[in-house]
Amino acid sequence: MSYVGIVLISHSPKIVEGLKELIREVIQDVPIELAGGTEENEIGTSMEKIMKAVNDADKGKGVILFYDIGSAKMNAEMAIEMLETEAILVEAPLVEGSYVAAVESGMGKSLMEIVNAMEKNF
Amino acid sequence: MSYVGIVLISHSPKIVEGLKELIREVIQDVPIELAGGTEENEIGTSMEKIMKAVNDADKGKGVILFYDIGSAKMNAEMAIEMLETEAILVEAPLVEGSYVAAVESGMGKSLMEIVNAMEKNF
Amino acid sequence: MELRVEDAIQWFTKVNEKIQENKDYLTSLDQVIGDSDHGINMARGFQEVENKLSTQEYQEVADVLKEVAMTLISKVGGASGPLFGTAFLKFSQAVKGINPVDYTSFTSGIEEALQGVMHRGKATTGEKTMIDVWAPVVHSFQEAHDFEDNPFLKVAKQAMEDTKDIMATKGRAAYFKGKSIGYIDPGAASTYLIFEALEEVIKGSK
Amino acid sequence: MELRVEDAIQWFTKVNEKIQENKDYLTSLDQVIGDSDHGINMARGFQEVENKLSTQEYQEVADVLKEVAMTLISKVGGASGPLFGTAFLKFSQAVKGINPVDYTSFTSGIEEALQGVMHRGKATTGEKTMIDVWAPVVHSFQEAHDFEDNPFLKVAKQAMEDTKDIMATKGRAAYFKGKSIGYIDPGAASTYLIFEALEEVIKGSK
Ligand SMILES: Nc1ncnc2c1ncn2[C@@H]1O[C@H](COP(=O)(O)OP(=O)(O)O)[C@@H](O)[C@H]1O
Ligand SMILES: Nc1ncnc2c1ncn2[C@@H]1O[C@H](COP(=O)(O)OP(=O)(O)O)[C@@H](O)[C@H]1O
Ligand SMILES: [Mg+2]
Ligand SMILES: [Mg+2]
Ligand SMILES: [Mg+2]
Ligand SMILES: [Mg+2]
């Protein structure tokens, strides 16, 4: 069985590393890929990192993306435009949203179902 | 000048460390204290850590607390009950909320003004 | 029977034994609808309780209960820490100055414990939490007239089993919504163990 | 004048010089209403642009612009990366196949660049962003008829100064709400530098 993938984007590599650990306590099988920090792992974001994360997270059921603040969003949108993957960036809070999305994905929900759940919950 | 303090509570020490770095890029003077993980720095939360963080963050203008998920909230509420400090736990998202709160605190806002801003924004 | 300091200590010593024995079982329950740590959390907390109780001296039952509460609060790490912690703290406050603890006072104590859990968890019965075991046990104590002639353990067991049929609306299991149905709530299972230990203390003191 | 490959390269070489010279100034603007990195971001991005432009060969202006765009997108790290990146990418697409780039095509190019920034930033004029410099410069190009007889630099300078009076509603500065008034927007300042460099290229080619 394959699951909707999750991409966690943050200006800080540590935030998404910790967040992945938090989610992994609950959900093991759902693909979770990280795009934290700039290419040099400084505070910022990187479109290339996001593109790679989306590619790696995609197992055929699409990918949902979460970001922390403003400029991460622009890089995420560019990354999505550059790729063929079915990928949706949502406005839900990074930590709380991705936690819920991981549980939903683990229950076999489709990308659209998860995106709708995000809109309903947040 | 003293500022409203901020306490960041997460099941993961890394999440709050990264979050503090993120905020520190924007706001340097506002007290930010961390309560991430259990006493052994494993995934979980610790009431004692939260109590210490609240005490350290309090510079006389009160403290606003952010948490990630469920059980952190209970430990935070207990910590607040045990202390004399004017401390308020808010329901705003950890990353997005605390970022805004730090900016607001840095502009000299009172605890109540910040709490109201959180309710309005999230 | 009345509960003396040594009975209270024995109670939590037995709780610790049961929790350690069932550590993997509790964790396995939490694996399905939670974060796979309930057994680990409880084992860590009660081991520390046991370490304290076996080395310290206590004046009255309330002191034992307070020690249990504070230790769980600081050592458990998960939701069950503040919840059981609050339960035994309220229990302790309710029986403070009463030593040994007679049946009526004990009943008031667990009433307060239940209120504490509900307040701390902002939850009520039917939400698939430990409350679904605490509440019927409290009711059993309210209906009965002494420790011995009291079906609380049967009640607790049934209540624990019945959490299977409930959809979780509080705690981590709530994220699983309908999929949480069909599994015993981990905190309900550990609450059952606490009352199983109590039953053994009661039986042993006969 | 028409813009040739070597003019385009010279343009961005000059942009890089100005950004490096003004690195601390740009960062200081971002310190008041942002996260103190705009100078660092831009310096990192344009240094890399310079490294590329000074070592690669380009067929047409569009290729230079595309190189600038892709480098900024991947190297800047902050909001200004995707924004300037999108601007020069759209610019590049608009003038693709046109070499050298005549005035009319250049004007279409920066029109597209402006649209790109607005689309990427989901922003419009009056929000205290780089758009508040891009938009009046585009307007100046639309009004004038050639590169030389065109007050775009004066326009850009005034527009940059005028961002002081605006309250930010987009980007990080928006978090500061009313307190963002009184300061020049960092991205407006770097946009000004880009057009200052263009003016020098135009002057130099006379
Ligand atoms: N809000 C709540 N109210 C009452 N009980 C709760 C609540 N949240 C969780 N619980 C109880 O706590 C148990 C989980 O404990 P544990 O696994 O140690 O904590 P965590 O969920 O933080 O990992 C659940 O099985 C449930 O019985
Ligand atoms: N949504 C937006 N639309 C247009 N321009 C924006 C937007 N957000 C930010 N900017 C511009 O980007 C500049 C900040 O760039 P920079 O400091 O490099 O990025 P960051 O804010 O991510 O640190 C701002 O001064 C502003 O001109
Ligand atoms: Mg658990
Ligand atoms: Mg846990
Ligand atoms: Mg910046
Ligand atoms: Mg930045």
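Applying the criterion of being farther than 24 Å from C:Ala69 by Cβ and buried (at least 19 other Cβ atoms within 10 Å of the Cβ) to the residues of the range C:175-206, the residue that is nearest to the chain's Cα centre (by Cα) is C:Ile184.
Of all residues in the range A:101-122, those satisfying the criterion of being of a type in the set (A, V, I, L, M, F, W, C) and either at pLDDT below 95 or out of contact with any Phe, Trp or Tyr (no Cβ under 6 Å at 6 or more places or on another chain) (or both) are A:Ala101, A:Ala102, A:Met107, A:Leu111, A:Met112, A:Ile114, A:Val115, A:Ala117, A:Met118, A:Phe122.
Suppose we filter the range D:93-130 for residues that are over 17 Å from D:Ala174 (Cβ atoms), within 13 Å of chain A (Cβ to nearest Cβ) and touching a Ser or Thr at 6+ places or on another chain (Cβ under 7 Å); how many remain? The number of residues fulfilling the criteria is 1.
The number of residues in the range B:14-27 that are touching a residue at least 12 places away in the same chain (Cβ under 8 Å) and more than 7 Å from every other protein chain (Cβ to nearest Cβ) comes to 4. Taking the criterion of being under 23 Å from A:Gly106 (Cα atoms) and more than 16 Å from the chain's Cα centre (by Cα), the residues of the range C:1-26 that qualify are C:Asp24, C:Tyr25.
Can you find a residue that is touching a residue at least 60 places away in the same chain (Cβ under 8 Å) and either within 14 Å of the chain's Cα centre (by Cα) or more than 11 Å from chain A (Cβ to nearest Cβ) (or both) anywhere in the range B:32-49? The answer is yes; a qualifying residue exists.
Suppose we filter C:Gly81, C:Gly116, C:Gly121, C:Gly77 for residues that are at positive phi, within 14 Å of ligand 1 (Cβ to nearest atom) and in contact (Cβ under 8 Å) with a residue 24 or more places away in the chain; which single one remains? So the residue among C:Gly81, C:Gly116, C:Gly121, C:Gly77 that is at positive phi, within 14 Å of ligand 1 (Cβ to nearest atom) and in contact (Cβ under 8 Å) with a residue 24 or more places away in the chain is C:Gly77.
Among the conditions (1) within 14 Å of chain B (Cβ to nearest Cβ); (2) more than 14 Å from ligand 6 (Cβ to nearest atom), the only one that D:Ile33 does not satisfy is (2). A single member of D:Lys75, D:Lys90 is under 14 Å from the mean Cα position of the chain (by Cα), crowded, with 20+ Cβ neighbours inside 10 Å, within 14 Å of another protein chain (Cβ to nearest Cβ) and of a type in the set (Lys, Arg), and it is D:Lys90. Kindly evaluate C:Gly77 against the criterion of being more than 16 Å from ligand 5 (Cβ to nearest atom) and touching a Pro at 6+ places or on another chain (Cβ under 9 Å). Spelling it out, it is not the case that C:Gly77 is more than 16 Å from ligand 5 (Cβ to nearest atom) and touching a Pro at 6+ places or on another chain (Cβ under 9 Å). Just to be sure before I move on: is A:Ala79 of a type in the set (A, V, I, L, M, F, W, C), outside any helix (DSSP H, G or I), at pLDDT 95 or above and crowded, with 21+ Cβ neighbours inside 10 Å in the structure I sent? The answer is no for A:Ala79.
The values are calculated or read from the model by the stated rules, or taken from the named source; none is laboratory data. None of the values given here were measured: they were computed from a predicted structure. Quick reminder, even Gly has a Cβ in these numbers, built from the backbone with ideal geometry, and neighbours come from all protein chains shown.
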